[in-house]
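Structure, as structure tokens:
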Amino acid sequence: MPALPSPTTPTAPLERPGAGALAFIFTRLPALLRLSCGLICVVVALAVRTPPVRPSLLAPAIAVLTFWSIWYTLRAWGHGIGAPLVAGDVALTSAACLAIPVLVAPEVLPGEASWIAVLASTTVINAQATAPARWSIPAGVLVTVAYATGAHTAGNSTEASAHAATLLTQTACTALMTTVMRQRITRADTAFLADQRAARDALVARTARASERQQNRDLHDTVLATLTMVGQGAVAGPSTALRERCAADLRTLATLAEARSVPPDATARLDERLRQMCARLPGLPVTVDLPPCTLPAPVAEAVAESAHAALANVARHAVGARSTLRLRRFAGTVTVEVADDGPGFDPATVPTHRYGLRESVRGRMAAIGGRVDVDSAPGHGTRIRLEWSDVG
């Protein structure tokens with residue numbers, strides 16, 4: 001018997017949406033902050049050039065810092081902010097802070113309003129947002145020391161102390177905020193990953209179970225039905241009919257295996273599949289009414305095999321009964337009706353171990369989102385209605 005393929009579920013990479021969002025925010029915002037600060041500093045620095053500011057040093061310093069701000073932004077936007085970018089930013093800012101005596105006019109230095117004060121604040125805030133605390137806090141302290149040294153050398157100890165306190169406060173507050181955010185987002189991502197793994201495991205289990213149930217249906221409708229017939233003594237000895245039925249079972253299993261290799265978006269003619277299905281029951285006379293009907297291939301396969309299981313039950317339990325098979329399609333809803341005038345049965349009394357109606361019919365239709373109605377009673381025949389809709 002050919003091996004039946006099992007559906008497989010590809011393992012998708014697990015997502016960390018919180019970490020991704022945090023990385024996006026803490027890359028874009030620092031980049032924009034660095035660019036806006038760099039452009040503002042150009043205007044402010046060039047507006048006040050009174051001695052002891054040395055234009056010969058101010059112009060190249062402004063040019064380097066402007067170029068750095070633009071490159072920092074482009075690099076951060078395209079590749080993220082890594083350790084080299086943070087280190088370069090801290091180094092250039094520290095150098096500018098030490099050069100306060102020749103870059104900042106004395107009248108604008110007090111009140112933490114100089115362009116280098118803004119530059120220093122931007123750098124310590126960006127460092128806390130883009131680097132781990134074990135590196136960002138020392139970087140903030142380094143910029144603070146450099147600023148205090150430069151302001152003190154420029155002769156303004158009050159400014160040195162005041163803005164040093166501001167820089168340390170900015171370092172501490174930003175480091176605390178980003179640390180708390182990272183911890184909370186890490187916890188949220190951990191919980192989300194656990195849910196993802198649980199959902200993936202459940203999907204794998206459902207897929208495996210669906211594959212097992214599908215194989216059980218196929219075996220029930222072919223090999224097991226033949227073995228049941230033999231076990232009930234319907235075949236007394238060597239039989240040509242038995243050999244033909246076994247060969248037909250093997251062909252059916254091979255056809256089913258090939259059908260499962262068809263892409264999910266392929267289509268198939270349900271009316272043709274139903275006619276092929278009837279040909280597998282040569283001993284059962286069936287009146288058919290099958291207008292053309294094209295469906296997705298998996299749906300056509302499931303509906304046809306469900307109808308086959310229903311007719312196989314007629315052949316097995318209602319010998320000599322007249323059967324009809326009718327196909328209809330209206331407004332996106334497809335119905336296939338299998339009816340016979342046999343002895344009928346009470347659906348409520350079917351034992352739970354009986355597999356045919358429960359799995360070979362109901363199970364198959366449920367797998368494609370369809371439904372089954374069974375109308376039968378002792379002495380009144382049986383009518384099974386299979387329905388599938390592509391609406392919604």
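Readers should treat all values here as calculations from the given coordinates under stated rules, not as data from a laboratory. Computed from a predicted model, the values in this text were never measured in an experiment. So basically every Cβ, Gly included, is an ideal-geometry build from the backbone, and we count neighbours across all protein chains shown.
The stretch between Trp135 and His79, if pulled fully straight at 0.36 nm per residue, gains 18.2 nm over its current Cα-Cα span. Spin-label model, Glu107/Asp201: points 7 Å from Cα along the beta carbon direction are separated by 7.3 nm.
With each label modelled as a point 7 angstrom along the Cα→C-beta vector, the Leu39-Thr149 pair spans 3.3 nm. Ordering Trp388, Trp71 from the fewest to the most neighbouring beta carbons within 10 Å gives Trp71, Trp388. Full extension of the segment from Leu29 to Asp346, taken as 0.36 nm per residue of separation minus the current Cα-Cα distance, would add 107.1 nm. Prolate is the label for the range 28-111, because the ratio a/c of its alpha-carbon gyration tensor axes (a ≥ b ≥ c) is 1.5 or higher and a/b is greater than b/c.
Which shape class, rounded, prolate or oblate, goes with the range 81-136 when its Cα gyration tensor gives a ≥ b ≥ c as root eigenvalues, a/c under 1.5 marks rounded, and past that a/b bigger than b/c marks prolate? Prolate, because a/c is 1.5 or more and a/b exceeds b/c. Sorting Met277, Met181 by the number of Cβ atoms found within 10 Å of their own Cβ, with the fewest placed first, yields Met181, Met277.
The tail of the calculated P(r) for the range 265-392, taken as Cα-Cα distances beyond 25 Å, holds 19 percent of the pairs. By the beta-carbon count within 10 Å of each Cβ, the least crowded to most crowded order of Val319, Val53, fewest first, is Val319, Val53. Pairwise Cα distances in the range 17-193 exceed 28 Å for 24 percent of all pairs. Sorting 95-102, 55-62 by average packing, meaning the other beta carbons within 10 Å per residue, from highest down gives 95-102, 55-62.
Ordering of 168-180, 33-45 by packing is 33-45, 168-180, highest average first (other Cβ atoms within 10 Å, averaged per residue). Most tightly packed first, judged by the mean number of other beta-carbon atoms within 10 Å of their residues, the peptides 139-148, 106-115 read 139-148, 106-115. Take the Cα of Arg328, step 7 Å toward its Cβ, do the same at Thr267, and the gap between the two points is 2.3 nm.
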